[in-house]
1. Students often forget the sequence filter, so: which lysines lie under 28 Å Cα-Cα from K53 once same-chain residues fewer than 8 apart are removed?
2. Could you please report the charge total around M1, scoring K, R as +1 and D, E as -1 over all other residues with beta-carbon less than 15 angstrom from its beta-carbon?
3. I'd like the FRET efficiency for S48 and E70, computed as 1/(1 + (r/R0)^6) with the beta carbon distance as r and R0 of 25 Å, rounded to 0.05.
Amino acid sequence: MILKITYPYKDSLATLQLRSIYIQTDDQDLIEHLKATKNPIDIGVILSENEEKFKMLENAKEDLEIVIDEVLANPDLRLHLLGDN
């Protein structure tokens, strides 16, 4: 099964873009875990802990798309927004 994971990414104060990654896996537990997660950081952790269970692909025709709601901000931008610079 090919999964497309789409998430919003804020690169600067004025921009918000959608980014996508494609993975191929037949591991149903991994698929269900990813489908239940709506946080981009958690998705990254799940993928890094299960890297032997999937293969990264370039653009492909997906069987399932997972859309993440939370915005992942550029770390430098996050520091700026929090006033830590």
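Read-outs: derived from the displayed coordinates by stated rules, not from any lab. Since the model is a prediction, treat every value here as computed from it, not as a measurement. Backbone-built Cβ (ideal geometry, glycine too); neighbour counts: all protein chains shown.
1. Correct list for K53: K4, K35, K38, K61.
2. Working: positive: K4, K35, K53, K55, K61; negative: D26, D27, D29, E32, E62, D63, E65.
Overall, the nearby charge balance is -2.
3. Working: r = 18 Å, r/R0 = 0.71.
The calculated FRET efficiency here is 0.90.
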